[in-house]
Amino acid sequence: MLNWEELQESSFLESNARERAKGLVDKGSFVELLNPRDRFHSPHLPVLGEAIALDDGIVVGIGKIGIRPVFVISQEGRFIGGSLGEVSGAKMAYTIKLGLETLERIKEKYPESWEERRPTVVISFETGGVRLHEANAGLLAHAEVMDIIQDARKKIPIISLIGSKLGCFGGMGFVAAATDVIIMSEFGRLGLTGPEVIEQEMGKDEFDASNRAMVYRTTGGRHKYILGDSNYLVQDKINAFREKIQEVVHLPFDQIEQYRRIGSLQNVLQQMELINEALEINPNDAIDVWGFYGNENPETLLDLSFDQFMQKAVRREIR
Amino acid sequence: MEMETMIGRGRDAIEMIVDVDSFQEGLIDDKEFDPELGPGAVIGTASIKGSTVTVIANDAMVMNPKFRVVYSGIIGLEEGYKMALAVYHTMEKDRQKAVGEKRAIVLIVDTPGNGPGKVEEIVGMNKSTGAYQLALAEARKEGHPIIAMVIGRAISGAFLCHGLQADRILSLSSKYQTMIHVMPLTSIARITKLDIERLEELSKENPVFAAGPEFFYKLGGVDEIINTPEEMKASIDQHINEVHELKINNQCDQLGPWGHGNLGLEREGRKARIHVIEKMESEYLEVIDQFL
């Protein structure tokens, strides 16, 4: 495995779950919980004759950023598409719960200065959602994660990172949307329904799942950044994500709340305005949306380098 | 003989569940909803045995003319936000009331999915039904009893938003063609390359992949199976009262997704989850001091 310094310069897209988990927190600080030696794998896969992973495709643990504990959840797309089953789902949900438990410990130990030590949860998504081999348990685990995210509201920030190969889809698309802050790279994709299902529903003329560039634009980091669904767009490097996390963990909660897209009456009313705008645009392509929000010749944004894009792109203003 | 089913009969179910002539559609107390907003979702205020409730149901017989993928009870962009609004206005209305007095929210579930379209993905369908889930979770934690009643289809992500955040989940028995699943067994068979007969055999021992309310019952994802539609009203009323009681006594960990996790252990359908939790907690206690 690469050392911490090498991980910093590594592509986030190419990195596996454990590399991301270690590289996102301070050097040498990451301690994995339920590591592969504990052999907590799915009990359901062997019954169906499927291979297992000793970590069930998810790496969870605790690290530090400065004096703050950071709870990391990192999904491994190379194992059954990063899908959530009973074990991986419980690992995810309980990690957030441990973050909340830690907040109470810190408040007790540092009654005066707990805020500067407030824990954070970071989720590095690479998943299509529910694991079909144990779909019912996976679905129930999703509900549990959503429930605990609501428990964490205004207590500990939850930050989503999306920049891995499989993106973040299915039920995990809800989970990411429900977190406080979303950081994407331009290779990240965030959505709900996979392209093949949309094609099946709408017909190939309307949505051609084999048109990779179009599919990419629909859910890709650049689009989600212009739309405001992604709060930040960063370079495809582990340290680019880490540096952004470092900024966010220090923010006061009233500011973090402003990053949210859903989770309050006010948020919902704002999102309904977005729907009305979409009905007005009637977009055939995400590019039409970029034009509507003030990007001249929006198709030219496609070919820009990351830095040029960041300079040029006009984002939807949230009123 | 025609099979008896409640699929597609969300509006009938409302009438069967609430007091006669008590349902006021599109109204959460004095907050009036635009009738053209999200027609696939029916929201309103009614009473059950004299107590005011908010009702949120699917209407599988209409389509949303603005979004072509929204029909047959699918929850589209507008529907998800409409349902979320109904929850927020319900909370707003009872803000000053004590736990135990806050009105219940009854979810009548018959939905095959979330809007699977292009505009939906461009705008972010994940936010719409995600917003509804967060609203329900907040209302549940504020003290509103939330009871989900599955009368027809409760499929995958649509069940996740319209049902699985409830305190208690009830389902009509599969005699009424009730469907609860992520994927039908035929799809699981294709993915696992095992034949259906083998999967059916395996599902007798292990409820985690098979489709149907009885499997969710074993996993703790359904609290109670209701045998006939006529029993829905009394049963919902009973669960509302029980949930009120538990909330007053601060026993919320027996309710909602966390409570359903415990129920899954009790019914021996989900045994791995608790081992994960216990082992994580003990490893955490060993190392946490170095992070404080």
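Observations, loosely collected:
- Note, ³J(HN,Hα) from phi for the range A:112-129, Karplus 6.51, -1.76, 1.60, rounded to Hz, x at Gly and Pro: 8, 10, 5, 4, 6, 10, 3, x, 9, 10, 10, 10, 9, 7, 7, 6, x, x
- Note on the protein assembly as shown: Cα Rg divided by 2.2 N^0.38 Å, N the number of residues, gives 0.91.
- Relative contact order of the range B:10-291, pairs being alpha-carbon contacts under 8 Å that are 6 or more residues apart, as %: 15
- Summing charges over all other residues whose Cβ lies under 11 Å from the Cβ of A:E76, with Lys and Arg as +1 and Asp and Glu as -1, gives 0.
- Within the same chain, lysines fewer than 8 places from B:K66 are excluded, and of the rest, those with a Cα less than 22 Å from its Cα are A:K204, B:K82, B:K118, B:K127.
- Per-selection Rg to Rh, chain B - Cα, Kirkwood hydrodynamic radius: 0.98
- Only lysines eight or more places from B:K204 in sequence, or on another chain, were considered; those with a Cα closer than 24 Å are B:K175, B:K193, B:K218, B:K271.
- Here, chain A has an Rg and a Dmax of 19.5, 62 Å when only alpha carbons are counted.
- Per residue, the average separation of C-alpha pairs within less than 8 Å and at least 6 apart gives chain A a relative contact order of 15 percent.
Throughout, read-outs are computed from the coordinates displayed, never taken from laboratory work. Note that the structure is predicted; figures quoted are calculated from it, not measured. Ideal geometry is used to build each Cβ from the backbone, glycine not excepted, and the neighbour counts take in all protein chains shown.
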